[in-house]
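Notes follow once the structure below has been shown.
Just so you know, all these numbers are worked out from the coordinates, no wet-lab data involved. Small disclaimer: the values here were computed from a predicted structure and weren't measured. Cβ placement follows ideal geometry from the backbone for every residue including glycine, while neighbour counts extend to all protein chains displayed.
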Amino acid sequence: VEPLIGTLDFDSGKTDGLKREQKTLRELSGLFADEAAFALELAKDPSRLVYEVFTLQPDENAAHLACHVTIIQPGTVGKEFFFTKGHLHQIQETAEIYLCIKGTGLLLLQRESDVRTVKMQPGTIVYIPPRWAHRTINIGDTPLVFFSVHRADAGYDYRASTQFLKRILKKHNNEGYEIHNSF
Ligand code: PAN
Ligand code: ZN
């Protein structure tokens, strides 16, 4: 396998040499708590960008690492802040490391009924142990940019995306966020 080289500009959040994937509102159907607010936003602009994932990873998977840069746009559906779908890894023993580059966010970690929220700001490093589902939420008003690394053959299990027990909402007429139960 040849060395792979990409760049991430820490100031602008622009990447080069990484493969881009995007998630728009229509791909996040069923995930936000307020279905009426979601329908309204979808009607306005179904292809509104919520987040992008940039990947640097070799084709062959075994024994390799994959790295990603995620950029979550600022925004809400109703009061709920924009987030990533969230997942577990198909290979359950997969751990992952996150490094926040820009913006303000929360990392929601969940293992069965055990839920943690970790504040993400530039420089925050989080080790996500195996078997903890993870979703990232942009609680700021600028893009949230973070870098992550895991084994390249980990795979993704998105069944976790509908099972998070907490939701992060914007405070009424206020700066900041509050954490609510999902159900
Ligand atoms: C991250 C996430 C990325 C997008 O690279 O995949 O932030 O989130 P979803 O995959 O939940 O849509 C990661 O945790 N990789 O394992
Ligand atoms: Zn992950």
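Rg/Rh for the chain: what does it come to with C-alpha atoms and Rh from Kirkwood?
Here Rg/Rh amounts to 0.95.
Just to verify a number: FRET efficiency for R20 and I91, C-beta to C-beta distance, R0 = 22 Å, to 0.05?
Efficiency, rounded to the nearest 0.05: 0.35.
What does the highest-first list of 97-104, 81-88 look like by mean Cβ count within 10 Å?
Descending packing order for the listed peptides: 81-88, 97-104.
Expressed as a rounded percentage, what relative contact order does segment 16-86 have, with Cα pairs under 8 Å and six or more residues apart? The partial results should precede the final answer.
Details: 100 pairs, mean separation 24.1, N = 71.
Answer for segment 16-86 is 34 percent.
What lysines does K23 reach when the alpha-carbon gap must be under 24 Å and sequence neighbours fewer than 8 apart in one chain are set aside?
Here the lysines satisfying the reach criterion relative to K23 are K14, K44, K79, K85, K102, K119, K166, K170.
Would you mind calculating the gained length between N174 and I125 on full extension (0.36 nm times residue separation, minus the Cα-Cα distance), in nm to one decimal?
Details: separation 49, 0.36 × 49 = 17.64 nm, distance 2.80 nm.
Value of the extension gain: 14.8 nm.
Step by step: find N for segment 74-142, compute 2.2 N^0.38 Å, then divide the Cα radius of gyration by it. What's the final number?
Expressed relative to 2.2 N^0.38 Å, the Cα Rg reads 1.12.
Just want to confirm a number: the relative contact order over the chain, from Cα pairs under 8 angstrom separated by 6+ residues, in percent.
On the way: 427 pairs, mean separation 41.0, N = 183.
Relative contact order comes out at 22 percent.
Using only alpha carbon pairs under 8 Å that are at least six residues apart, calculate the relative contact order of segment 94-177 and give it in whole percent.
Contact order relative to length: 36 percent.
Tell me, what is a quarter of the convex hull surface for the C-alpha atoms of segment 1-68, in nm² with one decimal? Numbers along the way, then the final one.
Values: hull surface 26.6 nm².
Average projection, Cα convex hull of segment 1-68: 6.6 nm².
I'd like to compare 20-32, 36-48: which one has the highest average count of other Cβ atoms within 10 Å, and what's the full order after that?
20-32, 36-48
May I have the convex hull volume per residue, in Å³, for the Cα set of segment 95-175?
With only Cα atoms used, segment 95-175 gives 100 Å³ per residue.
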